[in-house]
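J.: My structure is below; once you've seen it, I'll send some questions.
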Amino acid sequence: MRERYKEGSARSAKNILSVIEKAKQNDEMILVFLHRSVDGDCVGSASGICSIIRSFGASAYVAIPEALPENMKFLGIEDLFFRPDGNSHLAEEFTTSGTLAGKKLGAVIATDISESSRMGICGEIFDSVDTKIVIDHHASVTARSDNLWIDPDASSASEMVFYVAEQISAITGKEMKDIITSNAAKAVLAGIVTDTGRFTFKNTRPETLESAGLLIELGGDISEVCYNLFDRKTKQKFRLSAKARSEVQFYFDDKFAMTVVPYSQFVEYNAGPDGVDDVVSAMRDIDGVELAIVLRELENGEIRGNIRSQDYFDCSKFAETYGGGGHMRAAGFTAKNIDIYKLAEDIVNKVQDAL
């Protein structure tokens, strides 16, 4: 059932074990990278890799470009993260000496991302290190090498990381429970759940469900994960979500639905930037809607676009026109130096041609 992943996961496992051994010999640090606009899959896959590295006695952190979203705090994995612009002794040390916990960077690993341009403030650090390993499932990635495992057919980078852990367990004889901590297992499970939409998207395969079951045995609580990622809401977020839904506009015989959430609304409802995370999928699920887009304006003026489609619209290719990327049915982008309503108008014009 997992044969399709065997070659790539085995190669990645050997590469990771190699950099672990080198890091231990040279007393070096390994950093794991994820993309900006962090989501469950990049957090889960990166946490899984960090857990694997630490389980073999090497030093590792996940370099995160922004604060961990509130709805992921329940994972209990914040000790794995290093934020370069954060208020921590690690960030101060890195800024002043270029070392982390007194160690030089020996290797970098990227999960759910391969382009440094989408790593936010962490991209420059990723580019500065020669030894790189990538595990990603985005179809837009065209580069190929022995250090890259790219599989667009995988449900998530988190599922890919789980197979890497299994290969490492087989190679070393170390049990899975000693490679992936219970909290890391919960995070990897959260990544799979996120990118499969609670196992309802078409990228869910039998082996995906099997892997999720094994992660539950390792400590992943499926009920806790689904509740916190999909169902739990503060009153403020609930009201902001309702506001965003009430202002949805429909175009082109109702095939396209879009809503615009300016930063002033986040202030008005006292809700964080993740307050409308649930809206885009709800819009896509409306009868007759093929394409749904949510535009949200952040405090710094950046605009994040979330794109979802039903059957035929290629979200990834559309996101690329704005410097973003993703998958066929789910993608995103970040825009700068443009008014959110002007951007919405531009999107409507582009969508008309595509639909």
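The values are calculated or read from the model by the stated rules, or taken from the named source; none is laboratory data. These figures come from a predicted structure and were not determined experimentally. Please note: Cβ atoms are built from the backbone with ideal geometry, for glycine as well, and neighbour counts cover all protein chains shown.
J.: Grab the strands (runs of 3 or more DSSP E) fully contained in region 76-176, keeping just those with 1 or more residues being farther than 18 Å from L31 by Cα.
T.: Values: elements: 105-111, 132-136, 148-150.
Fully inside region 76-176 and qualifying: 148-150.
J.: Need pairs with beta-carbon distance below 8 Å; first residue touching a residue at least 24 places away in the same chain (Cβ under 8 Å) and within region 343-354, second assigned to a helix (DSSP H, G or I) and hydrophobic (A, V, I, L, M, F, W, C); sequence gap 6+ or separate chains.
T.: The qualifying pairs are K350/F318; V351/F318; A354/F318.
This table checks each residue for (1) without any contact (Cβ under 8 Å) to a residue 40 or more places away in the chain; (2) loosely packed, with under 13 Cβ neighbours inside 10 Å; (3) farther than 23 Å from D346 by Cα.
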site: G197; (1), (2), (3): no, no, yes
site: T204; (1), (2), (3): no, no, yes
site: E207; (1), (2), (3): no, no, yes
site: L214; (1), (2), (3): no, no, yes
site: Y227; (1), (2), (3): yes, no, yes
site: V260; (1), (2), (3): no, no, no
site: S264; (1), (2), (3): yes, yes, no
site: Y269; (1), (2), (3): yes, no, yes
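J.: Further question on the same structure: Could you say which residue among M119, M176 is touching a His at 6+ places or on another chain (Cβ under 7 Å), surrounded by 14 or more Cβ atoms within 10 Å (Cβ to Cβ) and not charged (D, E, K, R)?
T.: Details: M176 fails: touching a His at 6+ places or on another chain (Cβ under 7 Å).
Selected residue: M119, the only one of M119, M176 that is touching a His at 6+ places or on another chain (Cβ under 7 Å), surrounded by 14 or more Cβ atoms within 10 Å (Cβ to Cβ) and not charged (D, E, K, R).
J.: Just one of the numbered conditions (1) buried (at least 17 other Cβ atoms within 10 Å of the Cβ); (2) in the same structural domain as K73 (by TED's automatic domain parsing) is not true of V280; which one?
T.: Here V280 meets the rest and fails (2).
J.: Take the residues in region 18-40 that are within 29 Å of K73 (Cα to Cα) and more than 22 Å from the chain's Cα centre (by Cα), then tell me which one is surrounded by the fewest Cβ atoms within 10 Å (Cβ to Cβ).
T.: Let us first name the residues in region 18-40 that are within 29 Å of K73 (Cα to Cα), namely 20, 28-40.
Okay, now just the ones that are also more than 22 Å from the chain's Cα centre (by Cα), so 20, 28-29.
Details: I20: 23, E28: 20, M29: 24.
The extreme case among them is E28.
J.: Further question: Could you tell me whether A46 is surrounded by fewer than 18 Cβ atoms within 10 Å (Cβ to Cβ) and not in a strand (DSSP E or B)?
T.: On the way: surrounded by fewer than 18 Cβ atoms within 10 Å (Cβ to Cβ): no; not in a strand (DSSP E or B): yes.
No; evaluated as a whole, the condition is false for this residue.
J.: Considering only residues of region 177-202 that are farther than 19 Å from N15 by Cβ and not in a helix (DSSP H, G or I), which is nearest to the chain's Cα centre (by Cα)?
T.: G197
J.: Being in the same structural domain as R54 (by TED's automatic domain parsing) and over 16 Å from D41 (Cβ atoms) narrows it down to one of L215, L209, so name that one. Reasoning before the result, please.
T.: Working: L215 fails: over 16 Å from D41 (Cβ atoms).
The conditions single out L209.
J.: Please state which one of S169, S158, S140, S145 is at pLDDT below 95 and in contact with a helix residue (DSSP H, G or I) (Cβ under 6 Å, 6 or more places away or on another chain). Show your work before the answer.
T.: Numbers: S169 fails: at pLDDT below 95; S158 fails: at pLDDT below 95; S145 fails: in contact with a helix residue (DSSP H, G or I) (Cβ under 6 Å, 6 or more places away or on another chain).
The conditions single out S140.
Conditions tested, residue by residue: (1) touching a strand residue (DSSP E or B) at 6+ places or on another chain (Cβ under 7 Å); (2) surrounded by fewer than 20 Cβ atoms within 10 Å (Cβ to Cβ); (3) modelled with pLDDT under 95; (4) in the same structural domain as D136 (by TED's automatic domain parsing).
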site	(1), (2), (3), (4)
I286	yes, yes, no, no
Q310	no, yes, yes, no
G326	yes, no, yes, no
I340	yes, yes, no, no
A344	yes, yes, no, no
I347	yes, no, no, no
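J.: Let me confirm something: among G102, G98, G76, G106, which residue is among the small types (G, A, S), on the phi > 0 side of the Ramachandran plot and modelled with pLDDT of 95 or more?
T.: On the way: G102 fails: modelled with pLDDT of 95 or more; G98 fails: modelled with pLDDT of 95 or more; G106 fails: on the phi > 0 side of the Ramachandran plot.
Going through G102, G98, G76, G106 in turn, just one is among the small types (G, A, S), on the phi > 0 side of the Ramachandran plot and modelled with pLDDT of 95 or more: G76.
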